[in-house]
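As C-alpha cells, the structure follows; a few thoughts come after it.
Throughout, read-outs are computed from the coordinates displayed, never taken from laboratory work. Every value quoted in this text rests on a predicted model; they were computed, and no experiment measured them. Backbone-built Cβ (ideal geometry, glycine too); neighbour counts: all protein chains shown.
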Amino acid sequence: SGGQADAALVDAIKANREKTNGELTASVVAAAELGADMKTVANALQDKPAQITALAPHRLAEAFEGLRDASDAWLAKTGKRPAIFLVNMGTAADYTARMTFAKNYFEAGGIEGVVSADSPNPEAAVEACRKAGLKHAILCSSDAFYSEQAEAFAKALKSNGVECLYLAGKPGEHESRYREAGIDHFIFAGDQTLETLQVALKNMGVLN
C-alpha cells in the first residue's frame with residue numbers, strides 16, 4: 001500500500017543519513033522518484049544532526065602583513081628594505097599613473113619602490129638604475145610608449161645588470177615580443193598580486 005511504500009522509503013533515507021552527502025542525496029532522489037512527497041522526505045531527514053565545520057578566523061590582509069613582516073626583518077638584518085627600481089619611461093604624462101600604481105603595488109608587500117627621474121631613452125634608464133644599485137626594475141609608461149620603446153628599454157636594462165624586469169600594465173597582443181625582449185612579469189589590477197609579491201621577495205632573497 002501507499003503507506004507501506006512511504007514507510008519503506010523513510011527507512012531507506014534514515015539508513016543513509018549518516019553516510020556521505022552524495023549517498024544521502026541519492027537516497028532522497030530515489031525516494032522522490034518512487035513517489036514520496038516532500039513531507040515524507042522532510043520527516044525522514046529532520047532528526048539528522050546538522051554538521052557545520054567552523055571556519056577559522058582569517059583576515060584578508062594577513063598574508064600581505066606577513067610579507068611586510070619579512071621586509072621588516074630584512075631591514076633589521078641588512079639595513080635596507082628589499083626594493084625595486086621604477087623606470088619612468090618618457091614624460092610625466094606617460095608614466096605617472098602606472099608609476100603610482102606600481103609603487104603602491106610593491107609596497108603593499110614590503111618592497112620599496114625607488115622612483116627614477118624621467119628616462120626618455122634606454123641609456124638614461126640604464127644609468128639611473130645603475131646609480132640606484134638595484135637588480136629588480138619595472139617599466140612604467142603608457143601603452144603607446146610601450147609599443148614603441150618597451151623592447152629597447154628591456155634589452156638595455158637586462159644587458160646591464162637587471163636580473164628581473166617587470167612591466168606595469170597588461171601586455172595584450174605584445175606579450176610574446178615583450179617577453180622575448182627580456183620582460184619577465186606583468187602587473188595589473190586584478191592579477192595574482194599576492195603570488196607575484198611572494199615570488200618577487202623570493203627572488204630578492206627575502207623569502208625562502
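What whole number of Å gives the distance from the Cα centroid of segment 98-131 to the Cα centroid of segment 132-208?
11
Within 10 Å, count the other beta carbons around each residue, average over each peptide in 182-195, 136-149, and list them highest first.
Top of the packing list down: 136-149, 182-195.
Strictly over 19 Å apart at the Cα level, which of Lys103/Lys135; Lys131/Lys170; Lys103/Lys158; Lys80/Lys158; Lys135/Lys155; Lys80/Lys202 would you flag in this model?
Check vs 19 Å cut-off fails for Lys131/Lys170; Lys103/Lys158; Lys80/Lys158.
Using the basic label-point model (7 angstrom from Cα toward the beta carbon), what is the Thr91 to Leu194 distance in nanometres?
In this crude label model, Thr91 to Leu194 measures out at 4.2 nm.
Given a cut-off of under 8 Å on Cα pairs at least six residues apart, what relative contact order in percent is computed for segment 122-208?
26
Tell me the net charge near Ser141. Cut-off is 11 Å between Cβ atoms, Ser141 excluded, with +1 for each Lys or Arg and -1 for each Asp or Glu.
Spelling it out: positives minus negatives among the neighbours equals -3.
Given N residues in segment 62-203, what is Rg(Cα) / (2.2 N^0.38 Å)?
0.99
Between Arg59 and Glu163, take the C-beta separation as r, use R0 = 35 Å, and let me know the FRET efficiency to the nearest 0.05. Walk me through the numbers before you get to the answer.
On the way: r = 33 Å, r/R0 = 0.95.
My answer for the efficiency is 0.55.
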